[in-house]
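Before any comments, here is the structure.
The values are calculated or read from the model by the stated rules, or taken from the named source; none is laboratory data. None of the values given here were measured: they were computed from a predicted structure. Cβ: placed from backbone, ideal geometry, glycine included. Neighbour counts: every protein chain shown.
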Amino acid sequence: LALKAGRTTEGAIAVSSHTGTLADQAAMAKALFRKAGVVDFADSDEMIKTSIALSMQPLPKGKRIGIITNTGGPGIQAVDTAVDCGLELARWSEAGRRRLAESLYPEASLGNPVDVVATAGPDQFHAAVDTLLHEDGVDMVMVYFVTAPFVDLPAIATRIKDATTHADKPVVCVVCTLDKGSTLVDQLRNAGVPVFDFPEDGARTLCGMARVHALRERSAGMLPTLHGREAAAKILAPYEGKGHYLSQLHAFDLLASYGIAVPRRAPVREKDDITAAAGEVGFPCVLKVDAADVVHKSDVGGVVLDIRDERMLRQAWEQIRLRFGPGVAMLLLEQMPGGCEVIVGSTEAPGLGGLVMFGLGGVFVEAMKDVVFSVAPLTDREADEMILGLRGSAVLDGVRGQPGIDKEALRDLLLRASALVADFPCLAEMDLNPVLAYPAGKAPTAVDVRVRVR
């Protein structure tokens, strides 16, 4: 378990003043933790409470939670908290529901949460906890208990202890009480049952325990076996040691050397190159300025889209030449059909090597900042985790009647990009933005790329 300080911009500045680096410390730490199988936490209180629970209770085998309460309002609060923490509400079997019905008062609620009602005594609490612990569809149990003056609190604590003594699933209690209920709290804690004051603490603790189990059980994954290193080395050799960006032509060739899909392309420097380039690329096509100092080409008139014939191509060439000067290099590219825009990139992480980034792409990457980082090289499992780790990952499944993208093909692209980064430490930064991802049958294609070499 770990806690990373410096997650905010202000905190990161404080960290950088000490370490002498302005790298994104939070992203680097999160990627390192994920690679090493470390569960990270947002605050020390949550981490400490999870640590205590791990020392007292078995790990859950999933994230399906069963909730028991003795009053309605707190039960609903517990449900909201559990779902907000990423847990799933468990469902009981018919046999489990029958046992609850036989053991609890008639006015009890048998759903999730189980409301044993305020007058429930030791036997009712024991039956509810024991039943849920024996349900195959329950991975963990949280008891939200509001102490009442008309029930036997010590006996309830004893019966909860009896139900949990030999359990192989974690149980935590949230006790809302006055001082007279402290005996109940002490009894439960002495029996090895963590007790919290608020449902948020109980749910976050169980969620942290589930994350620990998930990391322990996840497969190591497989590294891909790829070819193309020799061709890539020849492309990069003239740039190494200069700190320059690759030309667009060479950047696309670099990606292609590792099997990453890119558009058909041809360089255009002189007017006489136009006819041959058009024959090689075809129509419709895109003409771009190919200058290292022009970063956002479309913002400064360095890109002409939807060129349908040679006449339009010649007009586009003249337009870019007039804007950027005679002799400016240009690149003619196949115009790809529209797809779901994502970004794949990399940057140097001091002490870690290459840090691979994946997120929603195009113009939205800076606005939404929905990105995930991981340390190169990626295994197939890590690539899948990155794809599923986006807050907006539902976009990849298709929205408003649009088909979802081919996630296996996207995983393959991530693996190839990360292998390229791992094989060549001289790659200081790389942006494939956007990558157009498509439904099954068409490979995701990088339609714009920037690569800087140390």
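On the stretch given as segment 171-184, residues that are farther than 20 Å from Gln77 by Cα and surrounded by 15 or more Cβ atoms within 10 Å (Cβ to Cβ) total 2.
The rows are residues; the columns are (1) hydroxyl-bearing (Ser, Thr, Tyr); (2) at pLDDT below 90; (3) within 21 Å of the chain's Cα centre (by Cα); (4) crowded, with 21+ Cβ neighbours inside 10 Å.
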| residue | (1), (2), (3), (4) |
| --- | --- |
| Ile320 | no, no, no, yes |
| Leu331 | no, no, no, yes |
| Glu341 | no, no, yes, no |
| Phe358 | no, no, yes, yes |
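Checked against (1) in contact (Cβ under 8 Å) with a residue 40 or more places away in the chain; (2) under 30 Å from the mean Cα position of the chain (by Cα), Phe198 passes all but condition (1).
Please tell me if Leu255 is out of contact with any strand residue (DSSP E or B) (no Cβ under 6 Å at 6 or more places or on another chain) and under 23 Å from Arg416 (Cα atoms). The answer is no for Leu255.
Filter segment 51-95 down to the residues that are hydrophobic (A, V, I, L, M, F, W, C), free of Cβ contacts under 8 Å to residues at least 60 places away in the same chain and not in a helix (DSSP H, G or I), then identify the one that is surrounded by the fewest Cβ atoms within 10 Å (Cβ to Cβ).
Leu89
Select from segment 427-454 the residues that are over 16 Å from Phe252 (Cα atoms), at pLDDT 95 or above and either hydrophobic (A, V, I, L, M, F, W, C) or not assigned by TED's automatic domain parsing to the domain that holds Met386 (or both) and list them in ascending order. Within segment 427-454, Ala437 is the sole residue that qualifies.
Condition check ((1) outside any loop (DSSP other than H, G, I, E, B); (2) without any contact (Cβ under 8 Å) to a residue 60 or more places away in the chain) across all residues:
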residue	(1), (2)
Leu390	no, yes
Ile405	no, no
Ala417	yes, no
Ala428	yes, no
Asp431	yes, no
Pro434	yes, no
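Quick one: count up the residues across segment 236-287 that are in contact with a Pro (Cβ under 9 Å, 6 or more places away or on another chain) and among the aliphatic types (A, V, I, L, M). Summing the residues that are in contact with a Pro (Cβ under 9 Å, 6 or more places away or on another chain) and among the aliphatic types (A, V, I, L, M) in segment 236-287 gives 6.
With respect to the conditions (1) modelled with pLDDT of 95 or more; (2) loosely packed, with under 15 Cβ neighbours inside 10 Å; (3) in a loop (DSSP other than H, G, I, E, B), Val193 falls short on a single one, namely (2). Determine the pairs where a residue that is assigned by TED's automatic domain parsing to the domain that holds Gly202, located within segment 153-171, has a partner that is of a type in the set (S, T, N, Q) and assigned to a loop (DSSP other than H, G, I, E, B) with Cβ atoms under 7 Å apart, the partner being 6 or more residues away or on another chain. Note: pairs meeting the criteria are Leu153/Thr147; Pro170/Gln57; Val171/Gln57. If you go through segment 262-305 and keep only what is among the small types (Gly, Ala, Ser) and either on the phi > 0 side of the Ramachandran plot or touching a residue at least 12 places away in the same chain (Cβ under 8 Å) (or both), you end up with Ala266, Ala277, Ala278, Gly282, Ala291, Ala292, Gly301, Gly302.
Within segment 115-157, the set of residues being under 13 Å from Lys169 (Cα atoms) and crowded, with 17+ Cβ neighbours inside 10 Å comprises Val129, Asp130, Thr131, Leu132, Leu133, Glu135, Val138, Asp139, Met140, Val141, Met142.
Within segment 160-170, restricting attention to residues that are surrounded by fewer than 19 Cβ atoms within 10 Å (Cβ to Cβ) and not acidic (Asp, Glu), the residue that is nearest to Phe125 (Cα to Cα) is Lys161.
With respect to Gly398, determine if the residue is in contact with a Gly (Cβ under 6 Å, 6 or more places away or on another chain) and either at pLDDT below 95 or among the charged types (D, E, K, R) (or both). When the stated conditions are applied, Gly398 passes them.
Of all residues in segment 64-113, those being in contact with a Gly (Cβ under 7 Å, 6 or more places away or on another chain) and within 18 Å of Cys207 (Cβ to Cβ) number 5.
Ala157 meets all of the listed conditions (1) over 24 Å from Val117 (Cβ atoms); (2) in contact with an Asp or Glu (Cβ under 9 Å, 6 or more places away or on another chain) but one, namely (1).
If we keep just the residues of segment 290-307 that are of a type in the set (A, V, I, L, M) and in contact with a strand residue (DSSP E or B) (Cβ under 6 Å, 6 or more places away or on another chain), which is nearest to Leu249 (Cα to Cα)?
Ala292
Within segment 164-190, the residues that satisfy the criterion of being in a strand (DSSP E or B) and farther than 12 Å from Thr147 by Cβ are Val171, Val172. Within segment 207-228, the set of residues being under 17 Å from Ser418 (Cα atoms) and touching a Ser or Thr at 6+ places or on another chain (Cβ under 8 Å) comprises Ala220, Gly221, Met222, Leu223, Gly228. Taken over segment 105-150, the residue count meeting the criterion of being in a helix (DSSP H, G or I), acidic (Asp, Glu) and closer than 18 Å to Gln57 by Cα is 1. Any residue in segment 251-263 that is surrounded by fewer than 18 Cβ atoms within 10 Å (Cβ to Cβ), of a type in the set (S, T, N, Q) and out of contact with any Phe, Trp or Tyr (no Cβ under 8 Å at 6 or more places or on another chain)? Checking segment 251-263: not a single residue is surrounded by fewer than 18 Cβ atoms within 10 Å (Cβ to Cβ), of a type in the set (S, T, N, Q) and out of contact with any Phe, Trp or Tyr (no Cβ under 8 Å at 6 or more places or on another chain). Looking at Gly243, Gly259, just one residue is within 30 Å of Leu313 (Cα to Cα), outside the structural domain of Gly62 (by TED's automatic domain parsing), assigned to a loop (DSSP other than H, G, I, E, B) and touching a residue at least 40 places away in the same chain (Cβ under 8 Å), and that residue is Gly259.
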